[in-house]
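Report on the following structure.
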Amino acid sequence: MLKKSKVNLNEISHNSAMGLVRKVLDMGVLLAEVYIDTVGDPEKYRIKLTEKFPGIKFVVAKKADSLYPVVSGASIVAKVTRDRALRNWVFDETALNMHMKTGSGYPGDPDTKQWLEDHKHPVFGFPTLVRFSWGTCTPFFKDAVEVTWETDEVDEDATNNGSAKRQVKLSSLGFTGFKRKTEEIESSGKGRCKFFQARKLELVRKFQ
């Protein structure tokens with residue numbers, strides 16, 4: 001319950017596209033054909049969409065924005081919408097000297113790199129505006145503080161006294177620059193954080 005559930009960008013893009021199609025259908029629009037710039041394998045993506053919406057013809061292609069005018073137009077609308085969202089972005093964080101000179105957002109943009117440098121934090125990483133798994137963030141995590149906390153996980157060979165408890169390194173969770181696989185180390189013996197104990201919060205895997 002307390003861990004992040006990782007979702008890759010392909011899945012996010014697919015779900016967003018299907019959500020848009022569903023929204024249009026719910027508006028009562030008679031949708032016959034949909035043209036999409038692929039994310040991942042075009043044929044697999046087309047099959048996935050067709051199975052979800054069997055009454056619609058889907059055309060999925062690489063570089064579809066250069067092949068089909070309707071996709072070109074949608075690409076322009078998407079970029080304008082993104083730029084507008086960034087211009088009007090309101091930070092959740094309240095730190096001083098935060099600014100929105102983000103540049104284009106592309107890895108090679110010096111303004112984007114400078115923005116990341118200006119807004120990095122050794123413990124918290126970046127403001128919520130930034131996707132931490134973005135590869136461009138990796139170099140900025142080399143000086144990040146390594147934090148550990150007690151995990152709810154217990155080894156299968158755990159004894160009754162709980163000696164098999166482990167700690168999980170925060171640095172391995174969510175930061176691209178570190179190991180993808182959760183690294184476990186011997187417990188400090190302190191047990192779970194008092195915050196979770198006091199509120200009786202536990203890791204939940206199954207719901208009834």
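The values are calculated or read from the model by the stated rules, or taken from the named source; none is laboratory data. Just so you know, these numbers come straight off a predicted model, no measurement behind them. Note that each Cβ is placed from the backbone with ideal geometry, even for glycine, and that neighbours are counted across all protein chains shown.
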- Note on the structure: Quick count over the range 99-130, residues being surrounded by fewer than 14 Cβ atoms within 10 Å (Cβ to Cβ), charged (D, E, K, R) and in a loop (DSSP other than H, G, I, E, B), is 1
- Task: Return a yes/no flag: does the range 8-29 have any residue that is surrounded by 15 or more Cβ atoms within 10 Å (Cβ to Cβ), over 26 Å from Thr128 (Cβ atoms) and in contact with a Phe, Trp or Tyr (Cβ under 7 Å, 6 or more places away or on another chain).
- Result: yes
- Failed criterion for Ala85 (all others in (1) of a type in the set (A, V, I, L, M, F, W, C); (2) assigned to a helix (DSSP H, G or I); (3) in contact with a strand residue (DSSP E or B) (Cβ under 6 Å, 6 or more places away or on another chain) hold): (3)
- Item | Residue among Arg180, Arg192, Arg199 that is modelled with pLDDT of 55 or more, among the basic types (Lys, Arg) and out of contact with any strand residue (DSSP E or B) (no Cβ under 7 Å at 6 or more places or on another chain) | Arg199
- Query: Going through the range 3-47 one residue at a time, which ones are in a loop (DSSP other than H, G, I, E, B), at pLDDT 90 or above and not aliphatic (A, V, I, L, M)?
  - Reply: Gly28, Thr38, Gly40, Asp41
- Query: Looking at this structure, is Thr94 part of a helix (DSSP H, G or I) and closer than 30 Å to Phe124 by Cα?
  - Reply: no
- Please identify the pairs in which a residue from the range 74-102 that is farther than 14 Å from Val130 by Cα has its Cβ atom under 7 Å from the Cβ atom of a residue that is surrounded by 10 or more Cβ atoms within 10 Å (Cβ to Cβ), counting only partners at least 6 apart or on another chain. Ser75/Asp65
